[in-house]
Amino acid sequence: DARASMQSVSVFSPALHDGHRRRFQLLQDFGAALAGGDQLRLVFQPRVDLPTRRCVGAEVLLRWQHPTLGNISPAEFIPIVEHSPHARTMTAFVIDTALRQMALWRSQGLAPPLSINISAANLEEDDFAAQVGLMLMRHAIPPEQIELEITESAIMRDTDQALKHLNSLAGMGIRLAMDDFGTGYSSLAYLQRLPMNVVKIDQSFVRDIGEGAREQRLVHSMISLSKDLGFRVVAEGVETAAVADMLAGMECDEAQGYFFARPLETAAFEAWLHQARAD
Ligand code: C2E
Ligand code: CA
Ligand code: CA
Ligand code: CA
């Protein structure tokens, strides 16, 4: 049992004990947050078409305002939740909340497609694709209007179940994006055999292209190769005009990052959309 093992650990390592205790508490409290209340909310980061600089959608990102600990970074709580039984409920919450928001926006004439992050664990559920299909129906959202982002490492787990889900999601018309590309060990040749539409180049590569010719050549070849294989290419973590211009010169299709917009609260995202349309 978790408490007993924490006690035995604490005898040897107080620091490890604290780490365990915090993770244990966060996991428990996340379960309570999922059960109701307003601790969890979604923010939206615009994705921009590089040639025209128009908004072509947004990525949905989860935020957690803990009642006593304050804002917890997704970098801290997502990995904990992803490896717990709450993974399934978290993704269901994010998809359901995002689709409800989309339905509202569509009724107001705003219709940005949304990209939603899913976890490796979701692809191991036996009814994941069917659940997503049901939620789309419930909110009357056309499947083409959403994209699911899956990290390269999650895809590389490569279970038959995961492949089956990817194929049924794609078969429904849902778009699929490979997230954090370049951080795993997959080859594009392998990924080409999966029903993916989009490759998102990880920000660690994008950030460096201002630094030198080698970094630029690396990203340029990632873009060219991905496009040759039929993927739409998105650069993540674009923080400056110089990087945006370089990427445009490399014929990268889309970009996302602080230079264009930070992840925005619902109202701020709506205002951003109206303003972008007026430009
Ligand atoms: P990700 O999917 O790679 O999301 C992009 C992250 O980069 C976000 O961090 C975003 O705020 C940040 N970012 C965007 N533009 C820039 C930029 O120009 N510069 C820098 N330095 N950062 C930028 P965030 O929101 O903290 O999320 C971190 C990670 O947590 C995400 O990485 C994703 O893996 C995970 N995550 C967030 N929301 C969800 C969710 O709803 N479900 C799941 N399964 N994972 C999520
Ligand atoms: Ca993502
Ligand atoms: Ca990413
Ligand atoms: Ca990431």
Solvent-accessible area, 1.4 Å probe, carbon plus sulfur percent, for the chain: 53
Euclidean distance of C-alpha centroids, segment 241-279 and segment 70-96, integer Å: 26
Span from the segment 100-153 Cα centroid across to the segment 166-207 one, whole angstrom: 16
Rounded, prolate or oblate (a/c below 1.5 giving rounded, otherwise prolate when a/b exceeds b/c) for segment 50-147 by Cα gyration tensor: oblate
Helix-only mean residue ellipticity at 222 nm for the chain, each DSSP H run of n ≥ 4 adding -39500 (n - 2.57), per residue, nearest 500: -15000 deg cm²/dmol
Cα→Cβ-extended label distance, 7 Å offset, between ASP228 and GLN275, nm: 4.1
Accessible area (Å², per residue) of the chain, counting only protein heavy atoms and a probe of 1.4 Å: 49
Shape call, segment 13-106: gyration tensor on alpha carbons, a/c limit 1.5: prolate
Alpha carbon Rg of the chain, scaled by the compact-globule rule 2.2 N^0.38 Å: 1.06
Radius 9 Å from Cβ of GLY237, net charge of other residues (Lys, Arg +1; Asp, Glu -1): -2
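The values are calculated or read from the model by the stated rules, or taken from the named source; none is laboratory data. Computed from a prediction, not measured in an experiment: that's the story for all the values here. No Cβ is skipped: glycine too gets one built from the backbone with ideal geometry, and neighbour counts run over all protein chains shown. Protein only, heavy atoms only, side chains kept; ligands, DNA and RNA dropped before computing areas. Shrake-Rupley method; radii C 1.70, N 1.55, O 1.52, S 1.80 Å.
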